[in-house]
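For reference, the structure discussed in these notes is given below.
The values are calculated or read from the model by the stated rules, or taken from the named source; none is laboratory data. On a predicted model such as this, the values are computed, not experimentally measured, just so you know. Here the Cβ positions follow ideal geometry from the backbone for every residue, glycine too, while neighbour counts run over all protein chains shown. We work out accessible area using only protein heavy atoms, side chains counted, and drop any ligands, DNA or RNA first. Shrake-Rupley method; radii C 1.70, N 1.55, O 1.52, S 1.80 Å.
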Amino acid sequence: MSHLLGAAVLLALAAPAADAAPDVTTPLPGTRGGTADGAQPAARPAAQPGAGPDAGTASVAGTRADPPSRSRSGPVPGPDGSPDGIADGTGEAQPGTADTGSEQPAGTRIDETGAGDTAVGDAGAGDTGAGDAGASDTGATGAVTAASGAAADTDTDRFDGWGFDTCVTPSLATMRAWNSSKYRSIGVYYGGRGRGCPNQPELTKSWVSSVYGMGWKVLPVFVGSQSPCVSADSKRKVTIGSDPAGEGADEGRDAVERAKALGMVAGSPLYLDMEAYAQDDRDCAATTLSFIRSWDREVERLGYVSGFYSSADSGVEQIGAERRAGTSDLPSVMWFARWNDKPSVTGEPSLRSQDWSPHLRIHQYAGDVKEEHGGEQLSIDRNRVDAPVARIAD
């Protein structure tokens with residue numbers, strides 16, 4: 001965001017100790033716009049092949065995208081039975097164990113200013129990177145200002161802490177059990193024709209209200225049409241057609257209507273999930289960008305915040321380059337997937353430190369892992385969150 005703001009106010013906070021979830025939710029007024037300052041990106045590792053939420057992106061040299069304990073010897077079947085391997089990388093994983101699977105990922109507009117982003121990583125986690133050299137590792141409170149339309153009367157809530165996403169929305173009993181974990185935010189795959197797990201029996205307006213009442217923050221993920229050069233085989237049946245701008249607008253309206261039906265009100269971020277694709281294919285990348293920009297415009301015209309999720313070496317890299325080029329109508333919030341087991345919203349080589357900062361980033365740092373809390377096991381993706389979360393109707 002799955003997508004932006006005037007002046008930002010930075011209040012430095014000391015970084016928490018290892019594995020201590022900050023669990024800070026700060027109301028932020030309204031929404032963004034914003035273009036690049038013309039600075040050139042620092043050198044970064046070459047992009048690797050792969051896909052996003054249904055079939056990962058291979059790790060960049062020098063990083064470990066998937067620990068040896070989670071490596072696989074062969075591809076894992078996708079939701080439709082196709083062999084969409086996700087051995088090393090970033091992206092939407094396959095349905096998992098217990099009562100859920102793991103699905104990866106990453107009007108109103110937010111603009112951001114300020115020197116550096118926030119970060120709270122595990123002790124010893126590396127927060128360096130060519131794109132964010134010298135970025136601050138302290139917390140900050142930023143202002144989000146309304147840009148136009150309905151956005152002027154809305155607030156956006158920010159969550160700073162740990163989160164997870166999983167393919168099938170867990171039951172309320174499981175969410176209660178997981179209150180014993182460090183996680184306090186959950187990504188839910190609430191709409192879009194490209195979802196790996198379209199059947200979501202638990203995901204209702206009542207569920208959203210109930211988990212919100214338990215203290216959980218919700219990150220709504222919309223998996224719509226995918227890039228024509230998407231890497232995952234299972235996503236090739238849901239690719240963008242001959243009218244990317246029109247399709248993007250249509251799906252943006254659908255994303256908003258579905259969010260409203262679940263009690264997520266104006267000012268909420270909606271994260272568009274765009275699986276990894278061959279962004280070096282210029283025609284394909286142009287089609288994909290047209291769809292994304294149109295989706296962003298429509299979502300924000302209707303009073304919501306446009307977020308974006310993708311592989312760090314694919315969609316995130318392209319959108320970061322477009323921002324540096326001054327392209328308009330880009331996502332307001334960035335959710336990047338790089339499975340390096342180093343949770344930090346800073347230090348991402350595909351992004352400059354001043355981009356989507358402060359409080360406008362999520363890092364999906366591990367995927368397709370099993371965890372058990374309160375006697376309930378889930379297969380999840382792990383996220384470090386410092387970004388807007390859904391506003392839930394009273």
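Quick test for you: out of SER306, SER344, pick the one residue that is of a type in the set (Gly, Ala, Ser), modelled with pLDDT of 95 or more and part of a loop (DSSP other than H, G, I, E, B).
SER344
Within the bounds of the stretch 330-350, is there any residue that is over 24 Å from ILE186 (Cα atoms) and touching a Gly at 6+ places or on another chain (Cβ under 6 Å)?
yes
ARG258: at pLDDT 95 or above, within 30 Å of SER209 (Cα to Cα), open to solvent by 40 Å² or more (accessible area, probe 1.4 Å) and outside any strand (DSSP E or B), yes or no?
yes
Residues of the stretch 197-217 being among the β-branched types (Val, Ile, Thr) and open to solvent by 40 Å² or more (accessible area, probe 1.4 Å), which ones?
THR204
Return the total of residues in the stretch 334-377 being of a type in the set (Lys, Arg) and under 20 Å from PRO220 (Cα atoms).
Start the filter on the stretch 334-377 by keeping residues that are of a type in the set (Lys, Arg), which leaves 338, 342, 352, 361, 370.
Applying the additional criterion that residues be under 20 Å from PRO220 (Cα atoms) yields 338, 361.
Of the residues in that region, 2 qualify.
Please work out if SER328 is open to solvent by 10 Å² or more (accessible area, probe 1.4 Å) and in a loop (DSSP other than H, G, I, E, B).
Numbers: open to solvent by 10 Å² or more (accessible area, probe 1.4 Å): yes; in a loop (DSSP other than H, G, I, E, B): yes.
Yes: the conditions hold for SER328.
Of the conditions (1) polar (S, T, N, Q); (2) within 19 Å of the chain's Cα centre (by Cα); (3) crowded, with 24+ Cβ neighbours inside 10 Å, SER294 satisfies every one except a single condition; which number is it?
(3)
Out of curiosity, is SER234 small (Gly, Ala, Ser), touching a Ser or Thr at 6+ places or on another chain (Cβ under 6 Å), under 20 Å from GLN318 (Cα atoms) and crowded, with 23+ Cβ neighbours inside 10 Å? Before the answer, list the steps.
Working: small (Gly, Ala, Ser): yes; touching a Ser or Thr at 6+ places or on another chain (Cβ under 6 Å): yes; under 20 Å from GLN318 (Cα atoms): no; crowded, with 23+ Cβ neighbours inside 10 Å: yes.
It is false that SER234 is small (Gly, Ala, Ser), touching a Ser or Thr at 6+ places or on another chain (Cβ under 6 Å), under 20 Å from GLN318 (Cα atoms) and crowded, with 23+ Cβ neighbours inside 10 Å.
From (1) in contact with a Phe, Trp or Tyr (Cβ under 9 Å, 6 or more places away or on another chain); (2) of a type outside the set (Gly, Ala, Ser); (3) over 19 Å from ALA232 (Cβ atoms); (4) not in a strand (DSSP E or B), pick out the condition that doesn't hold for GLN318.
Result: GLN318 fails condition (3) only.
Which members of the stretch 147-169 meet the condition of being modelled with pLDDT of 65 or more and either open to solvent by 10 Å² or more (accessible area, probe 1.4 Å) or not in a loop (DSSP other than H, G, I, E, B) (or both)?
ASP157, ARG158, PHE159, ASP160, GLY161, TRP162, GLY163, PHE164, ASP165, VAL168
From the set of residues in the stretch 362-394 that are part of a strand (DSSP E or B) and out of contact with any Ser or Thr (no Cβ under 8 Å at 6 or more places or on another chain), which is surrounded by the fewest Cβ atoms within 10 Å (Cβ to Cβ)?
GLU372
Which of (1) farther than 13 Å from SER294 by Cα; (2) more than 21 Å from the chain's Cα centre (by Cα); (3) open to solvent by 60 Å² or more (accessible area, probe 1.4 Å) does ASP243 not meet, given it meets every other one?
In the conditions (1) farther than 13 Å from SER294 by Cα; (2) more than 21 Å from the chain's Cα centre (by Cα); (3) open to solvent by 60 Å² or more (accessible area, probe 1.4 Å), ASP243 misses (1) alone.
Just the residues that are outside any strand (DSSP E or B) and closer than 21 Å to ARG195 by Cβ, please, taken from the stretch 270-286. Reasoning before the result, please.
Of the residues in the stretch 270-286, the ones outside any strand (DSSP E or B) are 274-276, 278-286.
MET274, GLU275, ALA276 - these are the residues of the stretch 270-286 that are outside any strand (DSSP E or B) and closer than 21 Å to ARG195 by Cβ.
What do you reckon, is PRO220 surrounded by fewer than 23 Cβ atoms within 10 Å (Cβ to Cβ) and at pLDDT 95 or above? Full working, then the answer.
Values: surrounded by fewer than 23 Cβ atoms within 10 Å (Cβ to Cβ): no; at pLDDT 95 or above: yes.
Taking the combined requirement at face value, the residue does not satisfy it.
Residue check: is ALA259 among the aliphatic types (A, V, I, L, M) and closer than 24 Å to ALA232 by Cα?
So ALA259 fails the test.
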